[in-house]
Structure formats: C-alpha cells, structure tokens
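Peer 1: Sending over a structure as structure tokens; questions will come in a sec.
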Amino acid sequence: MKSLPFFCRGEVIRGFGRGSKELGIPTANFPDSVVDNLPPDIGTGIYFGWACVGNGDVYKMVMSIGWNPYYKNTKKSMETHVIHKFKEDFYGEILSVVMVGYIRPETTFDSLEALIAAINNDIEEAKVKLELPEHHKLKDDNFFTSTASSSSVSPTATASTSQTIMNGH
Ligand code: ADP
Ligand code: MG
C-alpha cells in the first residue's frame, strides 16, 4: 500500500455503542473529517501502528477500517484500539495515529468468542511487527511531538492541519 505509513489525527468522538468496551477492546472513533481524508488505496481491514492521546505517551495500536452502519455502509469508519490501559475515557481529546502496516481484511465471525480471539491475534501481531526497526522508528516521529501545539486549536482545524503535516511524510 503506497500510502503507508499514513499519519492522521482528530477528535475522539462517540461511536455506535456496539459494546467494544464490554468486550475489553474499546475503540476510539474518528470523525468524518478524518475518515474522508483517507487515501483511496487504504481500504477496509485491520491495520497496526502507533497512537497517542493529546500529548501523552505513544503506544502501539490496532485500527479497524470498516463500513459505517450509520451511513448505510456507504462511508468508512476508523476505530483505534490503543494497546494500553487508560485510567479514564478520552472522548473529546485529540488522537494522533500513524498507520504503519496492514494485518488482514475485514471478516465476519460466527461467534463473539471467535471475534475476540481474532482481535487478540491482531494485537499480538501488531506488538511483534512494531518491534521491527523500520516500524519502531515511527514511534519517535516528529508528528507525535507536534501534538502539543495542534491540540490547542479546534478539532476541525486540527484535522486540516494534520493534512499539511501528513503531506510532509
Ligand atoms: P464507542 O462506541 O463510543 O466508540 P467503545 O466501547 O468503543 O465506545 O469505547 C471507546 C472509548 O473508550 C474511546 O473513545 C475512549 O474514550 C475509551 N478508551 C479507553 N481505553 C481505550 C483504549 N485502550 N483504546 C481506545 N479507546 C479507549
Ligand atoms: Mg468504538
């Protein structure tokens, strides 16, 4: 995928309450302003990369890009599970991510257990792949240290600012 690594950031919005948190795998949702800026070659599926909330630490993440049921599956959604235990929710905060690699396509599962097992496999794969030097170095990218200044502007402005930053990569 020629657009990877792909850098983006935006406000964490409320999702559809599909209960990811109840499965132990909460996913932070991006608004349309971020999803609409995805390059066309980044299709649906599961990706791995790095993420940071506000100007906090950078953690490993897995992201699902899927069809958004709210728009009758005509628009994509981007949901990031940060591989870290947070003390509190972070709705309204700016989430910065770099998508580094692709894991697998979207699939449907016969049972909740099968879905959870697949996600846990994705998390393990992300953890291992992100240790590779060419992937690990993105953790220290300037994109993450520039979060502090951009989080002081409005979320909408941040989404467009991130375009400028992303183009630099
Ligand atoms: P929603 O449907 O609103 O997205 P989820 O059950 O998917 O609800 O929970 C997502 C929310 O959980 C995020 O918006 C964030 O505020 C919080 N959260 C807590 N820990 C994490 C984490 N490790 N990764 C992603 N989101 C987390
Ligand atoms: Mg979610």
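Values in this text are rule-based calculations from the coordinates and carry no lab data. Computed from a predicted model, the values in this text were never measured in an experiment. Cβ coordinates were reconstructed from backbone atoms using ideal geometry, including for glycine residues, and neighbour counts include every protein chain displayed.
Peer 1: Where does the charge balance sit around Val12 when Lys and Arg score +1, Asp and Glu -1, over other residues with C-beta under 11 Å from its C-beta? Show your work: numbers first, answer last.
Peer 2: Values: positive: Arg9, Arg14; negative: Glu11, Glu79, Asp89, Glu93.
Here the charged neighbours net out to -2.
Peer 1: Now, a different point. Applying a 10 Å radius around every beta-carbon, put 24-35, 130-141 in order of their mean neighbour count, most first.
Peer 2: On the way: 24-35: 19.4, 130-141: 13.7.
For the peptides 24-35, 130-141, the packing ranking is 24-35, 130-141.
Peer 1: Could you work out the equivalent-ellipsoid semi-axes for region 43-109, taking the square root of 5 times each eigenvalue of the Cα gyration tensor, largest first, in whole Å? Walk me through the numbers before you get to the answer.
Peer 2: Values: eigenvalues 102, 44, 21 Å².
The answer is 23, 15, 10 Å, longest axis first.
Peer 1: Here is a follow-up. Over 29 Å between C-alpha atoms is what I'm after, so list which of Lys87/Lys139; Lys72/Lys127; Lys72/Lys137; Lys2/Lys129; Lys76/Lys139; Lys2/Lys85 land there. Before the final figure, lay out the partial values.
Peer 2: Values: Lys87/Lys139 22 Å; Lys72/Lys127 33 Å; Lys72/Lys137 38 Å; Lys2/Lys129 18 Å; Lys76/Lys139 26 Å; Lys2/Lys85 32 Å.
As for pairs spanning more than 29 Å Cα to Cα, those are Lys72/Lys127; Lys72/Lys137; Lys2/Lys85.
Peer 1: Using Cα positions and a limit of under 18 Å, work out the aspartates and glutamates in reach of Lys21, with same-chain residues fewer than 8 apart set aside.
Peer 2: Glu79, Glu88, Asp89, Glu93, Glu113, Asp122
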